[in-house]
Each structure stands twice: as structure tokens, then as C-alpha cells.
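The values are calculated or read from the model by the stated rules, or taken from the named source; none is laboratory data. What you are looking at is a predicted structure, and each value in this text was computed from that prediction instead of being measured. Quick reminder, even Gly has a Cβ in these numbers, built from the backbone with ideal geometry, and neighbours come from all protein chains shown.
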Amino acid sequence: MVQSTAWLLGALLGLIWVLPVSMTPTTAQCTSLRTLESKLICRRRYMKHNFPINYTIRVHYEEVLRLSNVTRLRVRVEEEKDLQDVWLLINQEVLKRLLRVLPERHPSYKYTADLEDLFRKVQQLFPPPSDERETPELIEEIYNRVKDPNSKGWRFVTPKSLLDNCYRTMHCLFKDCFPSQDGEQDYCSFSYWRKGRKRQLQDT
Ligand SMILES: *[C@@H]1O[C@H](CO)[C@@H](O)[C@H](O)[C@H]1NC(C)=O
Ligand SMILES: *[C@@H]1O[C@H](CO)[C@@H](O)[C@H](O)[C@H]1NC(C)=O
């Protein structure tokens with residue numbers, strides 16, 4: 001009995017391992033993104049209330065990935081997966097930047113570190129770009145500029161707005177993972193978030 005349970009568990013774990021290889025959004029990917037979403041919901045407390053008024057941090061231009069960026073990039077790349085990869089990379093960089101300005105005892109430190117962990121888990125479920133296809137030049141350029149320590153394009157942004165961007169573009173890029181009871185939602189349109197603002201404020 002114990003043995004067969006162990007076997008079953010092994011088989012299940014094996015299945016979970018195999019799932020992410022497929023290219024369509026998997027249940028495992030959506031589950032990890034939804035865990036991330038539930039953490040991001042309380043960003044107002046950790047990224048606004050715990051900071052001085054109008055506090056900003058310095059980030060690369062490319063680290064400000066808004067809905068408008070996604071719309072603009074989308075017409076220039078062939079695969080949605082490229083944009084999803086960009087989203088993963090940029091937001092991980094953003095979290096690193098936030099952690100760099102937070103002392104370990106800051107009330108937002110643990111929250112930010114937890115987010116970073118969750119991102120790592122999401123990343124593990126997304127296969128790395130395949131060797132068969134070259135990364136589009138446009139995407140390559142974004143990667144290079146984000147990684148360039150001597151970049152001259154800096155902007156000052158509030159931590160909360162960085163995570164708002166993260167939250168909204170996540171819904172836009174992985175909309176299948178966030179079905180809504182009111183039917184199809186246009187998460188990629190700015191007006192959706194303007195309308196939803198009141199509701200979101202109540203949640204946080
Ligand atoms: C914060 O920024 C807003 C909008 O730019 C401005 O109206 C307000 O005076 C600023 N508050 C402080 C304390 O600097
Ligand atoms: C997003 O758009 C802004 C300009 O609105 C630009 O500075 C930034 O580099 C863009 N980000 C990406 C990742 O393309």
C-alpha cells in the first residue's frame with residue numbers, strides 16, 4: 001500500500017515535470033502565475049504605504065514595460081512567447097533593483113524577496129528560448145540594453161507603478177490564465193484598468 005502510494009506520487013511528479021515542455025500555456029504555468037497574481041494584489045501596501053511619498057527608484061528605460069509597450073512590440077514579433085520572455089526578464093530585473101535599495105529589515109523586503117522567488121518558479125516552467133530559432137533582433141536589443149550597466153537611459157519611477165505595470169502586462173500576455181466570469185476581458189487595453197481601478201483599490 002505504502003509502496004503503491006509512493007509509486008503514484010512518483011508518477012504524478014513525473015507528469016508535472018513533463019508538462020512544461022509543451023508550448024501552449026500549461027496548467028502548471030497558469031497556477032504559478034496565479035500564485036504570483038495573488039501576491040501582487042497587495043502591492044499597494046508594500047510598494048506605496050511603506051515608502052515615503054513620491055519615492056522613486058532609478059531604472060533603465062526598458063525596465064518600464066507598460067501595456068503600450070506590449071502593444072507596440074506585439075506588431076513587431078512573430079511569437080507571443082518572445083514577449084512573455086521579455087516580461088519575465090524585465091520584471092526580474094525590476095525586483096532585483098527594488099531589493100538593492102531595501103535594507104533587510106525594511107517592512108517590504110520580505111514581500112519583494114518572496115516575489116522574486118515566485119518569479120523564479122514561474123521562470124522554471126517556461127522553456128528557455130530554443131536553439132532552433134534565433135531570438136528576434138528587437139528582443140535581443142532589449143535584453144542587451146537591460147543588461148548594460150553603462151546605459152545612459154534612466155528614468156525615475158515609483159515602486160508601485162513598476163509593479164502595476166507588471167500586474168497589468170501579466171494579464172495582457174497570459175490572458176488565458178486569468179479567465180473572468182464576465183466573459184472575455186481586454187486586459188491589454190488601458191481603459192480596462194481605468195474602469196477596474198475602483199474595484200482594485202477595494203481589494204488592496
Ligand atoms: C507628490 O507628487 C504629486 C504629483 O506630482 C505632487 O502633487 C505632490 O505635491 C508631491 N508630494 C510631495 C510630498 O512631494
Ligand atoms: C517602453 O516605452 C518607453 C517609451 O514610452 C520606452 O522608453 C521603453 O524603452 C519601452 N520599453 C521596452 C521594453 O520596449
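Just one of the numbered conditions (1) within 16 Å of ligand 2 (Cβ to nearest atom); (2) hydrophobic (A, V, I, L, M, F, W, C); (3) modelled with pLDDT under 95 is not true of PHE126: (1). The single condition among (1) of a type outside the set (Gly, Ala, Ser); (2) in a loop (DSSP other than H, G, I, E, B); (3) within 16 Å of ligand 2 (Cβ to nearest atom) that CYS172 does not meet is (2).
Listed here are the residues, each with its yes/no results for (1) at pLDDT 95 or above; (2) more than 12 Å from ligand 2 (Cβ to nearest atom); (3) touching a Cys at 6+ places or on another chain (Cβ under 6 Å).
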site	(1), (2), (3)
GLY14	no, yes, no
ARG34	yes, yes, no
ARG45	yes, yes, no
VAL77	no, no, no
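Hey, any hits in region 186-197 for a residue that's part of a loop (DSSP other than H, G, I, E, B), over 19 Å from the mean Cα position of the chain (by Cα) and at pLDDT 80 or above? No, because not a single residue in region 186-197 is part of a loop (DSSP other than H, G, I, E, B), over 19 Å from the mean Cα position of the chain (by Cα) and at pLDDT 80 or above. Checking LEU65, LEU88, LEU83 one by one, the residue that is within 10 Å of ligand 2 (Cβ to nearest atom), under 20 Å from PRO128 (Cα atoms) and of a type outside the set (Gly, Ala, Ser) is LEU83 and no other.
Across region 27-59, the number of residues qualifying as without any contact (Cβ under 8 Å) to a residue 12 or more places away in the chain and crowded, with 18+ Cβ neighbours inside 10 Å comes to 0.
The number of residues in region 144-162 being within 16 Å of ligand 2 (Cβ to nearest atom) and in a helix (DSSP H, G or I) comes to 6.
Condition check for VAL59 on (1) closer than 26 Å to PRO127 by Cβ; (2) within 12 Å of ligand 2 (Cβ to nearest atom); (3) among the aliphatic types (A, V, I, L, M): one failure, at (1).
For region 144-160, filtered to residues that are under 26 Å from TRP193 (Cβ atoms) and touching a Ser or Thr at 6+ places or on another chain (Cβ under 9 Å), the residue that is surrounded by the most Cβ atoms within 10 Å (Cβ to Cβ) is PRO159.
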